[in-house]
2 protein chains.
Amino acid sequence: MARSDIPDIVIGRLPIYLRALVRLQAEEREITSSHELGERLGISSAQIRKDLSHFGEFGKQGTGYAVDTLASELQRILNVDREWQIALVGVGDLGRAIAHYGGFTQRGFRITQLFDGDPAKVGKRVGKLKIRDMAEMADVLREENIRVAMIATPADHAQDVADELVAAGVRAILNYAPIIISVRKGVRVEYIDPGIHLQRMAYYLDD
Amino acid sequence: MARSDIPDIVIGRLPIYLRALVRLQAEEREITSSHELGERLGISSAQIRKDLSHFGEFGKQGTGYAVDTLASELQRILNVDREWQIALVGVGDLGRAIAHYGGFTQRGFRITQLFDGDPAKVGKRVGKLKIRDMAEMADVLREENIRVAMIATPADHAQDVADELVAAGVRAILNYAPIIISVRKGVRVEYIDPGIHLQRMAYYLDD
C-alpha cells in the first residue's frame, strides 16, 4: 500500500506501539502478542493486528511478534531509524526544560539549534548549545537542511514563528504554545496539549 | 450505555472533538458537521458519528451539530463542566513553565498546589502559589481532597512521587517525566511524550 493511502489515525498509533515495544525490550522480553500489547495499551488486539497489516506480515499465527524485529520495523516505517535535527524556538523556562530533556535521541531526534528573539538570551548556552538570534534562523535552517522544529514561545508569537519556519523549509512542527497555528498543506503540526490528557482522565473521576 | 462500557479509545477522542468545537466557537461558528470536524481532525466522519452515538443523539440528519450544545455536552460527559484542583510536583524549569501555562482553567482544571523536595525552593512563590515541601504533600492532598496531579520531577523520582500521590488519594496523574510509572488498577496515568508526536510526523518526512 502506498504510504499516503494509510490513514493518519493508523500512523498515529505506530509510535505508541513502538513505545510499548521499547518498554518490553527494557524488560528483556523477546516475544509479545497483539493481546499483550492491547492489554497494556487499552487498544483491542484486533485493532493492533489490523493496523500492522497495512505494512506487511509481522507475526506468525500462534507464535506472536518478535519484539526486536517489530520495533526495528516500526522505526523503519516511521523514518526514525536515523537522526533528525530539531530547531527549538523560544528558550524560556519551557524551552530550557525541553532542551535538557533526555528522551529525544533514542527516538530518532536531536535538538541541534536553539533560537530566541530576546537579545538578553542570545549567545547564552543551554547545555552544549548556544542560543542564536531569531534573525539568523531562516539562514541556519536552510544551511543545515532542518526539517523539524519545536515552538516554545509565548502564544502570541507562535504563528509568526511557524510562518518563518515553514518558509525556511521546516515540514514538521511540534507546538508547545497554547494556540492553534495554521500552516500550508504538506506541513505537519502536532500539539503538546496537557488539557487533552487531563480531560481524558477526568471522564473516569467520580467525585 | 454504562460509562465503563465505552472503549477508552473513544473517550480519548472526545477531548479532541471538544478542542475543535472550542476553536469553532472562537470563529463564531454556530453549526458544524461530522464532515467538517473530520476534515479538520484527519478522522473519518463515520468514526466521529459512531463515537458520539455512544452518548446519545446530538445532531440531526442533514442539519449538523449545534457547536455550543455539542461542546457543552462533551464537557458534561468528560466531567469538565466543573473545576478540578491539580497538585503539581517538581518545580524546576518545566514545573515553572507548567505553573505559568494559562490553558488549564478553561479546560476544567486549576493548579492549586505546588510541591518540591528541594529545601532551597520551598517557600518561594511561582505566580500566586507558594511552593510547599514534599513532606507536607500527603496531608495537603487529603485535606484538600485532590484527585489530579502532574509530575514534573526528574525521571528517577517519578515513581516514588506517583506512589505517594496514589496513597494520598490521587486518581489521575499527568506525567511529564520521561519514564513509565506503575500504578494500581483504578488510577489513570497519561504521559506528555514529545517523542510520540515527533515520530508521528517523521513518517511523512521524505528527506
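Nothing in this text is a laboratory measurement; each read-out follows from the coordinates by a stated rule. Just so we're clear, the structure is a prediction, and the values are computed from it rather than from any experiment. Backbone-built Cβ (ideal geometry, glycine too); neighbour counts: all protein chains shown.
I'd like the FRET efficiency for B:A66 and B:R3, computed as 1/(1 + (r/R0)^6) with the beta carbon distance as r and R0 of 41 Å, rounded to 0.05. If you can, show how the numbers build up before the last one.
Details: r = 24 Å, r/R0 = 0.58.
It comes to 0.95.
In the range A:82-207, what % of DSSP beta bridges are antiparallel (nearest 5)? List each step's numbers first, then the result.
Numbers: 2 of 23 bridges.
Of all bridge pairs located within the range A:82-207, approximately 10 percent are antiparallel.
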Query raised in the report: Separation of the range B:1-58 and the range A:137-158 by C-alpha centroid, Å?
Result: 32
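Determine, for B:D118, A:D139, the number of other Cβ atoms within 10 Å of each Cβ, and report the residues in order from fewest to most. If you can, show how the numbers build up before the last one.
Numbers: B:D118 13, A:D139 10.
In order of increasing Cβ crowding within 10 Å: A:D139, B:D118.
Please report A:S44, A:S4 as a ranked list, fewest other C-beta atoms within 10 angstrom at the top and most at the bottom. Before the final figure, lay out each step's value.
On the way: A:S44 15, A:S4 6.
Sorted ascending by nearby Cβ count, the order is A:S4, A:S44.
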Report summary line: Going from the fewest other Cβ atoms within 10 Å to the most, one would list A:V91, B:V189, A:V126 as B:V189, A:V126, A:V91
Report task. For the protein assembly as shown, give the share of DSSP beta bridges that are antiparallel, in percent and rounded to the nearest 5; count only bridges with both residues there. Result -> 20
Report summary line: Percent relative contact order for the range B:84-195, counting Cα pairs under 8 Å at least six residues apart, stands at 24
Requested in this report: Just tell me which lysines come within less than 20 Å, Cα to Cα, of A:K60; anything on the same chain fewer than 8 places away is out.
Outcome: A:K50
Report task. Rounded to whole Å and ordered largest first, report the semi-axes of the equivalent ellipsoid of the protein assembly as shown derived from its Cα gyration tensor (root of 5λ). Result -> 30, 28, 25
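Mind checking which helices in chain A clear 20 Å along their axis (Cα) and have mean Kyte-Doolittle hydropathy of -1.0 or more, DSSP H runs only?
Span-like helices in chain A: A:8-26.
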Report summary line: Mean separation of Cα contacts under 8 Å (at least 6 apart) over the residue count of chain B, i.e. the relative contact order in percent, is 13
